[in-house]
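Below is one structure, written out as structure tokens; the observations come after it.
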Amino acid sequence: GQQVMQIPQYQHVQEGEDFTTYCNSSTTLSNIQWYKQRPGGHPVFLIQLVKSGEVKKQKRLTFQFGEAKKNSSLHITATQTTDVGTYFCAGYPSGTYKYIFGTGTRLKVLA
Amino acid sequence: DTEVTQTPKHLVMGMTNKKSLKCEQHMGHRAMYWYKQKAKKPPELMFVYSYEKLSINESVPSRFSPECPNSSLLNLHLHALQPEDSALYLCASSQDRTGGNTIYFGEGSWLTVV
């Protein structure tokens with residue numbers, strides 16, 4: 001079946017260090033979304049990427065969609081303790097009418 | 001603050017009980033979803049309603065029964081659950097079920113089956 005994998009599964013960083021999570025799909029995606037879930041919270045939408053090779057920035061966060069539309073990445077520059085949480089990508093394969101969530105990357109930021 | 005409201009926030013039920021989870025949104029969204037999330041796992045899609053009709057059932061056991069009384073409400077009826085069904089149940093909504101729409105999640109209902 002269709003799968004969306006994320007690496008790494010966990011990442012501990014010192015505050016101020018950079019962080020990157022990678023998302024890989026077994027099938028081509030129409031678009032991809034990224035969500036953040038704080039500990040004990042619910043997923044919150046961050047951004048959507050639609051075009052091949054697209055790059056979007058939100059302050060310290062940079063999102064990329066691969067040329068083949070099968071992978072994506074989220075990069076956080078100079079992490080802060082408020083960045084703690086699990087980051088999920090969610091891919092939308094054509095014709096499926098549903099998003100498939102990636103396995104998630106749990107980020108812990110040490111002050 | 002989320003615009004998708006779920007009740008109850010916490011529920012403990014026995015394996016012979018019948019209970020319901022409720023979800024409400026007033027954003028005019030025509031797609032509503034139930035997800036199940038176990039600890040340290042991604043949300044797992046259970047059901048999708050589109051324009052108040054069930055459009056996707058991800059082979060969910062019949063002890064979970066969804067209901068969409070109107071475009072703003074979504075229920076999940078629970079009966080004869082097993083301890084392994086203990087999880088966070090997330091309701092969500094989007095403009096419609098096509099890709100490209102933001103999915104808005106509720107805060108979830110934490111379910112414990114004893």
- Give the order of B:LEU90, A:LEU61, A:LEU110 when sorted by the count of other beta carbons within 10 angstrom, beginning with the fewest. A:LEU110, A:LEU61, B:LEU90
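For B:SER50, B:SER55, what's the fewest-to-most ordering of other Cβ within 10 Å of each Cβ? Before the final figure, lay out the partial values.
Details: B:SER50 18, B:SER55 13.
By the 10 Å Cβ count, ascending: B:SER55, B:SER50.
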- What residues have an amide H closer than 5 Å to that of B:VAL12, excluding those fewer than 5 places away on the same chain, when H is modeled at 1.01 Å from N in the peptide plane? B:THR112
- Query: From Cα coordinates alone, what are the radius of gyration and Dmax values for chain B in angstrom?
  - Reply: 13.2, 41
- Message: Please list, by residue number, every one of the trypsin sites (Lys or Arg not before Pro) in the range B:17-68 that is coil in DSSP and has at most 14 other beta-carbon atoms within 10 Å.
- Response: B:LYS38, B:LYS40, B:ARG63
- Task: For chain A, go through all pairs of different Cα atoms, get the mean of 1/r, take its inverse, and jot down that Kirkwood value in Å.
- Result: 13.9 Å
- Top mean-square fluctuation among B:GLY28, B:GLY99, B:GLY14, Gaussian network model of chain B, C-alpha springs under 10 Å? B:GLY99
- Once phi for every residue in the range B:105-114 is put through the Karplus expression 6.51 cos²θ - 1.76 cosθ + 1.60 (θ = phi - 60°), the whole-Hz ³J(HN,Hα) values, with Gly and Pro written as x, are 9, x, 6, x, 10, 7, 10, 10, 9, 10
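Hey, got a sec? Which chymotrypsin sites (Phe, Trp or Tyr not before Pro) in the range B:1-110 land in a DSSP loop and have at most 12 other Cβ atoms within 10 Å?
Details: sites: B:TYR33, B:TRP34, B:TYR35, B:PHE47, B:TYR49, B:TYR51, B:PHE64, B:TYR89, B:TYR104, B:PHE105, B:TRP110; in loops: B:TYR51.
Passing sites in the range B:1-110 are B:TYR51.
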- Query: Within the protein assembly as shown, which cysteines find no other Cys whose Cβ is under 4.7 angstrom from their own?
  - Reply: B:CYS68
- Query: How many Cβ atoms of partner chains, on average, are near each residue of A:82-93 if near means within 10 Å of its Cβ?
  - Reply: 1
- Output the relative contact order of chain A, whole-number percent, from Cα pairs under 8 angstrom with separation of 6+ residues. 37 percent
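Taking each residue in A:95-107, count the Cβ atoms of any other chain within 10 Å of its Cβ, then average. What number comes out?
Numbers: counts 1, 2, 9, 8, 9, 3, 8, 1, 3, 4, 0, 1, 0.
Per residue, the average neighbour count from other chains is 4.
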- Message: Starting from the Kirkwood Rh over alpha-carbon pairs, what translational D in µm² s⁻¹ does the protein assembly as shown have by Stokes-Einstein at 4 °C and 1.567 mPa s?
- Response: 72 µm²/s
- Counting residues in the range B:1-53 as N, plug N into 2.2 N^0.38 Å and put the Cα Rg over that result. 1.32
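Give me B:LYS41, A:LYS98 sorted ascending by neighbouring Cβ count inside 10 Å, so fewest comes first. Please report the intermediate quantities before stating the final value.
Details: B:LYS41 14, A:LYS98 18.
Fewest-to-most Cβ neighbours within 10 Å comes out as B:LYS41, A:LYS98.
No value in this document is a laboratory result; all are computed from the given coordinates. This is a predicted model, so every value here is computed, not measured. Cβ sites come from the backbone with ideal geometry, for glycine too, and all protein chains shown count toward neighbours.
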